[in-house]
Amino acid sequence: MDLSTARRVLDFIQARAAEAENVDIGFFGGEPLLALPLVMEIARMARSHPVARDRKLDFQLITNGTLLDSACIEALGRQGIGIGISCDGPSFFQDAHRRYRDGSSSAVDVDKAIRLAVQILPQTMVNAVYRPDSIAGLEKVVSYFYGLGVRAIFLNPDFRADWSEADVAVMRKSYAAVAELFRAYHLAGDPARVSLIDAKIALLLNGGYSPHERCSMGRRELAFGPEGAIYPCERLAGDCLTSEHRIGSLEEGIVRLQTCVPPVHADTADGNNPGATPCQECSIGDYCMHWCGCSNFFSTGSYNRPGAFLCASEKEALRQASRVLACLSEEIGPEFMSRL
């Protein structure tokens, strides 16, 4: 993306953003650090653009970590750009799916980058994707990041994967083990944010997802390709070379509004059935992310139809979060709620 296109993106956001609405701007790819000077210039331009008037801008850059060095981290920090590193865990897990193009290991380089990043910017977050071949080792993944000094650990399943009932049984054991780690970190007085558990604890305390927390793909959430194409979510932008999820462009505006409607469960034959569905009748519906359009698409091929693994995963995460909430509320007391 060149600066001219970036400026038009900011103009587009300015025209659509409500007064005093917070605006989150993310840099992703590909690998955005291949164009670090451009990222820095866009951030500077955004801060002086009318979009920043009476609005709070938050910046986040998602990187695979292979190009991170101290100069890069410090420069991003000075610009107030948060860093998220995509890493699946220790070398066995990382190299299973994230090797260099020549087949060599990326694990050592990314390990070094994470250690450096959390020293300079302690709020650096790490995002790990787990799959059927790594779900059994989720406890090791969390322990590994914690040992590197990471205190913001995000765990996300690969919804494109072919999950089986056997994987679900393993998932339940792994989620329980992660929950115990979360509990142990709190009891030791050095807690970490582990999205699988604390995000669900927050939902339990708040009574479920509020309307603004649910998927806003194609409305309040948009992704812009390097040539100005518009997508409803960065995960649906893909390589920006196909038009499957494209909903418009900076020139046309949004010409195909794609949003999520009340979800239809994967077991429901008619995806357009307007009647009650298993998701709508489910007792944990307000606490479940069945509304995530991209996760649904990768699972079932429909924005509005959750897959079976998402259903099982959400139920187990809530079960473990509820258990940990009860334990830590008793073991730590009001201080635990204060931390949350």
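Sub-9 Å Cβ pairs linking a first residue in segment 295-311 that is outside any helix (DSSP H, G or I) to a second residue that is β-branched (Val, Ile, Thr) and crowded, with 23+ Cβ neighbours inside 10 Å, at least 6 apart or interchain, are Ser302/Val264; Asn304/Val264; Arg305/Val264; Pro306/Val264, ordered by first then second residue. Screening segment 1-85 for helices (runs of 4 or more DSSP H) wholly inside it with 1 or more residues that are of a type in the set (Phe, Trp, Tyr) returns the ranges 3-16. Taken as a whole, the structure places Val23 among residues that are farther than 20 Å from Leu155 by Cα and not assigned by TED's automatic domain parsing to the domain that holds Gly238.
Being at pLDDT below 80, surrounded by fewer than 21 Cβ atoms within 10 Å (Cβ to Cβ) and not acidic (Asp, Glu) is a property that does not hold for Thr277. Taking the numbered list (1) at pLDDT 90 or above; (2) among the basic types (Lys, Arg); (3) farther than 20 Å from Pro132 by Cα; (4) out of contact with any helix residue (DSSP H, G or I) (no Cβ under 6 Å at 6 or more places or on another chain) in turn, Arg214 passes all entries but (1).
One residue alone among Ala223, Ala177, Ala237 is in the same structural domain as Glu21 (by TED's automatic domain parsing) and either farther than 28 Å from Leu318 by Cβ or not basic (Lys, Arg) (or both), and that residue is Ala177. Selection within segment 231-260: residues that are without any contact (Cβ under 8 Å) to a residue 40 or more places away in the chain and of a type in the set (Val, Ile, Thr). The member of this set that is surrounded by the most Cβ atoms within 10 Å (Cβ to Cβ) is Ile247. Looking only at residues in segment 13-28 that are of a type outside the set (Asp, Glu) and touching a strand residue (DSSP E or B) at 6+ places or on another chain (Cβ under 8 Å), the one that is farthest from Phe224 (Cα to Cα) is Asn22.
The values are calculated or read from the model by the stated rules, or taken from the named source; none is laboratory data. Note that this is a predicted model, so its numbers are computed, not measured. As a convention, Cβ positions derive from the backbone with ideal geometry for all residues, glycine included, and neighbour counts pool all protein chains shown.
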